[in-house]
1. With the structure loaded, tell me whether THR100 is in contact with a helix residue (DSSP H, G or I) (Cβ under 6 Å, 6 or more places away or on another chain), under 27 Å from ARG212 (Cβ atoms), at pLDDT 70 or above and not assigned by TED's automatic domain parsing to the domain that holds VAL202 or whether it fails that test.
2. Which one of the conditions (1) hydrophobic (A, V, I, L, M, F, W, C); (2) surrounded by 15 or more Cβ atoms within 10 Å (Cβ to Cβ); (3) modelled with pLDDT under 70 does PHE9 fail to meet, given that it meets all the rest?
3. Which condition number does THR208 fail, the rest of (1) under 19 Å from ILE183 (Cα atoms); (2) in contact with a helix residue (DSSP H, G or I) (Cβ under 9 Å, 6 or more places away or on another chain) being met?
4. If only one of SER37, SER79, SER54, SER75 is modelled with pLDDT under 70, more than 18 Å from GLY197 (Cα to Cα), surrounded by 13 or more Cβ atoms within 10 Å (Cβ to Cβ) and not basic (Lys, Arg), which one is it?
5. Of the residues in the range 237-251, how many are touching a Lys or Arg at 6+ places or on another chain (Cβ under 8 Å) and on the phi < 0 side of the Ramachandran plot?
6. Look through LEU178, LEU211 and report the one residue that is in a strand (DSSP E or B), crowded, with 16+ Cβ neighbours inside 10 Å and modelled with pLDDT under 85.
7. Name the single residue, out of those in the range 241-250 being surrounded by fewer than 21 Cβ atoms within 10 Å (Cβ to Cβ) and out of contact with any His (no Cβ under 9 Å at 6 or more places or on another chain), that is nearest to PHE192 (Cα to Cα).
Amino acid sequence: MDTLLKNQFYKLKDYQIILIGWALILTVVCLNCAVHSVLIAKERVDIASSIIWSLQKFGVWLMLTPMLCNTFNHSQVKSRVNHYLIVGIYAISFALAVNTTLDMAIEQITWQASLFYQWHNHLVAYATIVIVWHLKHSLFDAQPTQHTPISTAYPLHEESCSASLEQIETEQHQQAHLYLDDINIALADIVFIKAAGNYIEVTTPEQTHLLRATMKELEAHLPNTQFFRCHRSYFINLSHSQKVINARAGHGYIVLKNQQQVPVSKSKRRDAHQLIPI
């Protein structure tokens with residue numbers, strides 16, 4: 001059970017984890033308002049007003065959190081501290097501008113008073129996001145088993161992606177395997193691979209393995225005559241593929257032999273039709 005919960009935690013993206021935290025904080029703030037109404041103010045509890053007040057004070061960070069996590073993920077390690085400072089100045093300034101405007105419009109207080117009473121709350125909010133993001137990547141991402149290099153007994157090929165299905169099926173008879181995190185998976189058994197943050201989900205007919213690796217690492221080791229990257233987050237095993245279905249706006253889906261559907265990006269749809277003829 002602990003392993004299952006850990007795997008589910010790893011699947012959550014950074015901003016999703018932090019948004020769950022914000023939801024808990026806003027719930028606590030609402031409960032505090034309710035307790036204040038009952039015990040201190042001796043008034044009727046107004047849940048709607050408590051929720052609105054909580055969103056007025058901290059709701060701006062619900063909008064900023066996904067953007068901040070995306071910015072942190074693209075920062076360079078050497079300049080990360082400076083990156084935190086620069087992003088923090090912009091984020092806190094934006095949050096203060098929004099909250100000050102709301103305070104002036106709703107509570108009829110001066111902007112000087114609003115800034116004086118609110119600036120430290122936004123500083124703490126930003127610092128909390130940075131700390132949670134950093135801990136998630138430095139501690140939890142390093143928690144799984146030792147990261148062993150991806151290796152495969154399958155020789156790399158330089159042939160074109162337009163190799164015929166007959167060639168693919170012939171080559172699959174070779175004993176090709178994927179070795180990762182002390183798990184040995186036959187390439188022929190892999191149905192598709194999906195990105196999950198800093199991990200990958202390797203799906204076979206029997207089960208799905210959550211392994212520590214990136215799609216970029218896989219791309220250098222999976223044979224391109226057998227595996228096709230149909231989407232930035234998906235690899236499919238061509239021998240498990242059945243047909244390609246066009247969708248709107250140039251995108252599409254690959255229907256697998258087990259009737260699962262995998263998305264195809266607009267730029268990959270033509271290649272998918274060539275590799276998986278109807």
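1. Values: in contact with a helix residue (DSSP H, G or I) (Cβ under 6 Å, 6 or more places away or on another chain): yes; under 27 Å from ARG212 (Cβ atoms): no; at pLDDT 70 or above: yes; not assigned by TED's automatic domain parsing to the domain that holds VAL202: yes.
When the stated conditions are applied, THR100 does not pass them.
2. Result: PHE9 fails condition (2) only.
3. Condition not satisfied by THR208: (2).
4. Exactly one residue qualifies, and that residue is SER54.
5. Residues meeting the conditions: 6.
6. One residue alone meets the criteria, LEU178.
7. The qualifying residue nearest to PHE192 (Cα to Cα) is GLN242.
Residue-by-condition table, conditions (1) in the same structural domain as TRP133 (by TED's automatic domain parsing); (2) assigned to a loop (DSSP other than H, G, I, E, B); (3) without any contact (Cβ under 8 Å) to a residue 60 or more places away in the chain:
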{"site": "ASN184", "(1), (2), (3)": "no, no, yes"}
{"site": "ILE193", "(1), (2), (3)": "no, no, yes"}
{"site": "ASN224", "(1), (2), (3)": "no, yes, no"}
{"site": "ILE236", "(1), (2), (3)": "no, no, yes"}
{"site": "VAL262", "(1), (2), (3)": "no, no, no"}
{"site": "LYS268", "(1), (2), (3)": "no, no, yes"}
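The values are calculated or read from the model by the stated rules, or taken from the named source; none is laboratory data. Fair warning: this is a prediction, and the values are worked out from it, not measured in the lab. FYI the Cβ positions are ideal-geometry reconstructions off the backbone, even for glycines, and counts take in every protein chain you see.
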